[in-house]
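The values are calculated or read from the model by the stated rules, or taken from the named source; none is laboratory data. Nothing here was measured: the structure is a model prediction, and the numbers come from that model. Cβ: placed from backbone, ideal geometry, glycine included. Neighbour counts: every protein chain shown.
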Amino acid sequence: MTIALQLEHVGEPLVSQMLKTSKQARQTLLARDLATAEEVCCELPLSEWNARQFDGAHRIDVAILDRTQLKCEAVELKLGHARMTSGAFNIRFLSGTSSSHGNRRVKGSMVSILERLSTDSSNQPIEARSNGRRYIVQRNWTLVIRKRVFEKWQQATTPQLSRSCRIVLFEDVVESYRGEKTFNKLVSELIRGDYYQEWLCS
């Protein structure tokens, strides 16, 4: 039996590793190289926004941390094709944020959070945390999508994203990572493991 491993299942560590190991991938995705004080990590939890906390699902897919200035640049990955038309994207990801748990927690998608789509806290900084330190999430962020999705957006209308969002095609990042053979080698390295021990015996 063949296990259907989807790109969405490994997107975060895959993009993170491409950024760590390829200057060309960094130029394509970030439009710059990494500074010496910067570090790439994935699944970085958010900490606070306007005195409200985030839940465990609110994480930056790929984060570039500046450990000197305590700033964080966010990269959000949407690597599927289903329900990614412009209209569906607006409904799923750009409906804004609200509060829950007696006004103590933030409720909403990561895209809405990165776009600061809130009526009462849009001017307040968003914080992320790593190893006991807090980082200010920068307003400019990057959205990585598939080429086919972007082409459909161009044929219709683009989602209501702000100028703070830079759209990058996943296929362009892969090609800048020296193409098929290098990419396949990286994927095989990432998914290598003893799944019997990992899934059944842990």
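Quick look at the numbers
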item	result
Complete set of residues in the range 64-87 that are in contact with a strand residue (DSSP E or B) (Cβ under 6 Å, 6 or more places away or on another chain), among the hydrophobic types (A, V, I, L, M, F, W, C) and buried (at least 16 other Cβ atoms within 10 Å of the Cβ)	I64, L65, C72, A74, V75, L77
Residue match in the range 88-97 (condition: over 24 Å from L14 (Cβ atoms), at pLDDT below 95 and in contact with a strand residue (DSSP E or B) (Cβ under 7 Å, 6 or more places away or on another chain))	yes
Options E8, E48: the member that is of a type in the set (D, E), in a helix (DSSP H, G or I) and on the phi < 0 side of the Ramachandran plot	E8
Residue, surrounded by the fewest Cβ atoms within 10 Å (Cβ to Cβ), within the range 32-60, restricted to residues that are of a type in the set (A, V, I, L, M) and under 22 Å from V173 (Cα atoms)	A35
Of the criteria (1) at pLDDT below 90; (2) outside any strand (DSSP E or B); (3) farther than 20 Å from E8 by Cβ, which one T68 fails	(1)
Residue match in the range 14-31 (condition: loosely packed, with under 12 Cβ neighbours inside 10 Å and under 16 Å from N140 (Cβ atoms))	yes
Criterion: hydrophobic (A, V, I, L, M, F, W, C) and either on the phi > 0 side of the Ramachandran plot or surrounded by 18 or more Cβ atoms within 10 Å (Cβ to Cβ) (or both) - qualifying residue of I136, I91, I113	I113
The listed residue being modelled with pLDDT under 95, within 18 Å of E12 (Cβ to Cβ) and of a type in the set (D, E, K, R), out of R178, R129, R133	R129
